1. Could we say that G109 is within 30 Å of A52 (Cβ to Cβ), buried (at least 18 other Cβ atoms within 10 Å of the Cβ) and at pLDDT 85 or above here?
2. Restrict the check to the stretch 215-224 and report whether at least one residue is at pLDDT below 85 and surrounded by 18 or more Cβ atoms within 10 Å (Cβ to Cβ).
3. Hey, among Q66, Q19, Q5, which residue is buried (at least 17 other Cβ atoms within 10 Å of the Cβ) and either at pLDDT 90 or above or farther than 16 Å from L120 by Cβ (or both)?
4. Among the candidates D322, D244, single out the residue that is in contact with a strand residue (DSSP E or B) (Cβ under 9 Å, 6 or more places away or on another chain), acidic (D, E) and modelled with pLDDT of 80 or more.
5. Would you check which residues across the stretch 20-37 are of a type in the set (V, I, T) and either in contact (Cβ under 8 Å) with a residue 40 or more places away in the chain or not in a helix (DSSP H, G or I) (or both) and list them?
6. Return the residues of the stretch 387-429 that are modelled with pLDDT of 90 or more and more than 22 Å from the chain's Cα centre (by Cα); say none if nothing qualifies.
7. Given the residues V89, V81, V70, V93, which is the only one that is touching a Pro at 6+ places or on another chain (Cβ under 8 Å) and of a type in the set (A, V, I, L, M, F, W, C)?
8. Count, please, the residues in the stretch 71-114 that happen to be part of a loop (DSSP other than H, G, I, E, B) and under 27 Å from E8 (Cα atoms).
Amino acid sequence: MEMNQYLEIFIEESKEHIQACNDHLLVLEKNPEDVNIINEIFRSAHTLKGMAATMGFEDIAKLTHQMENVLDDIRNRKTRVTPELLDVVFLAVDDLETMLQSITEGGDGKRDIAETVEKLASRGQIEIKGPIQKEGREDQIDSIARSTYDEFELTVLQQSTEQGFSCYEILIQLRKDCLLKIARVFMIFDVFEKIGEVIKSNPTVEELEEEKFDDHFIVTLITNETANNIQESILNISEIEKVDVQPISVQTIRQRDKNVEQTPTDDTTVEVQEMTTESVQRKNEPKKDETSSLKNTASKTIRVNIDRLDILMNLFEELVIDRGRLEQISHELNNLELQETVERMSRVSADLQNIILNMRMVPIETVFNRFPRMVRELTRELHKKINLEIIGAETELDRTVIDEIGDPLVHLIRNAIDHGIEMPKERREKGKNEEGTVVLKAYHSGNHIFIEIEDDGAGIIKEKVLQKALSKEIINEQDASTLTDSEIYELIFSSGFSTADKISDISGRGVGLDVVKSKIESLGGKVSIDSQVEKGSKFSIQLPLTVSIISVMLVDVQNETYCIPISSIIETAIIQKSEILHSHNQELIDLRGKVIPLIYLKDIYEVPGVKDTDDFYSVVIIKKGDKMAGLIVDSFIGQQEIVLKSLGHYLTPITAVSGSTILGDGKVALIIDCNALLT
């Protein structure tokens, strides 16, 4: 069988199962006695093993098989859940990630896993006292078959039997090499819908939809069909290994499960009987909350290669450029019919733009998911107690930004843990909870996404920051006396700046934060700090939702057109030359009590032209944090959405230029990097 067609599906589903293992292992560490969590991890490992074996990736299959053995010992109470044991299982998950990455990059997924397998095997030998359950696959199936029924379900079975229907528990076992289990589940439930009424599924239908089961499940069916007919109907579906149909009754269930002995009140029984009679009579109608949802789930989502979305985005960017050209031609020709057509096309393309941008949006949890594991390792290394709270992981962000934001967040969280949160003893002495808290929060506001990293640690000491800044000659004594709290905190973004008494291998408060700031600003965002001594610090990051299509103000400078991003503009103004102030060879204006410097774009970009003799200047007021400036231009052209194009490697040294675009008349216009002008 040709496996290349399934490789992409294998990679995507394997990533999901590996992430599920990571997440559930972290939960298991806090709830070591919770068998349900162990079962979830076991299912993910088991499914990954089956897929890897089918695809021929033997090392992954071998490692997950050894993980299964350890997990099986845990749930059978042969092995204790200890931090040391979880360290080894986490090590195995790391190996799985490395091998999957190799496969993603076109490799064979092979890796020397002998040491990890040996560690898993040795950790799995830790025996404990207590009742030992039966082992093996058949016992897993038997434990599912012994699931209990609530009183409502028992009444349904009782009423159905009295009306002449047959009740069955049906075990369906898929082949180990079954690739698309959800498709088989859908086909099986489709058969059940036609012959009867499903009243219970174990695992639940939701878990079956998400493939949260090994290779078998139990369905309780009410029908008029015989057991042989049911078995034959299911076995006609491919990749079904076994179908076991067993008749059941309320009496046999009560004998099998002694815990279900509660009898409802008479009023409840009457109400249930009325409901169940109608339910059984409509046996050919699928249940909306179970079997029908399988169809809906299968038809509403598809997997799309991200490269295809990139191609689609590139084509749409060309469409945006042509749209601008058509709008300009329409305006010049002043033809009513053409204008109406162009306006309609503009509205449709605007809707299309929103759809395409939304298709590229990815939940930020794809980045956030790595942090709980990282925090666990850091707390063990630093001997601290830290609780990581994640809020708003479902918030969506453009994939291009998602790919770049991970490293800055890693650095900020490591700083918060290493130099923000105190040691447990120190926290107790301060009257704090010995467990520190780091909150990672994301949310939308307008056309931006905000990410906040907040800790309840020692905070940033302003005096210490100023002293370090003065010693490194980042600022002078005169400037230091005029700085606001926010401006003082921003000093830690200076290159090589650190307030830490001892720089650790983990991080240093301030070490590398200049890189963090540069990365965020390169994405069109900004970062700010707020802190209170002994209460903690908060780093706030503001990012645009997308960086490929942006809104700009078009301005004219000596017959050259430039683009200024709207996100950097506060306002535009017309000023008289007589209003300009002069100080230390710098021209300034007084804008409602705030003195801001003026920057002549024609001088910055050395644009040739005739000297301006007008008595008025057109000014664009821009802002970056607390810094402001006025850009002197010849005239304002108007606001427009443009496609951001890179200048390439040859033109990167150009001062204060973040990219270029193609205007409606076919000319190339440079996009001004306002952040660079305000450094």
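1. Here the answer is yes, as G109 does meet what is asked.
2. Yes, that holds for at least one residue.
3. Sole residue among the options that is buried (at least 17 other Cβ atoms within 10 Å of the Cβ) and either at pLDDT 90 or above or farther than 16 Å from L120 by Cβ (or both): Q19.
4. Selected residue: D244, the only one of D322, D244 that is in contact with a strand residue (DSSP E or B) (Cβ under 9 Å, 6 or more places away or on another chain), acidic (D, E) and modelled with pLDDT of 80 or more.
5. Correct list: V35 only.
6. If the condition is that a residue be modelled with pLDDT of 90 or more and more than 22 Å from the chain's Cα centre (by Cα), then I421, E422, M423, P424, K425, E426, R427, R428, E429 are the ones that fit.
7. Result: V81 is the single residue among V89, V81, V70, V93 that is touching a Pro at 6+ places or on another chain (Cβ under 8 Å) and of a type in the set (A, V, I, L, M, F, W, C).
8. 9
The values are calculated or read from the model by the stated rules, or taken from the named source; none is laboratory data. Since the model is a prediction, treat every value here as computed from it, not as a measurement. FYI the Cβ positions are ideal-geometry reconstructions off the backbone, even for glycines, and counts take in every protein chain you see.
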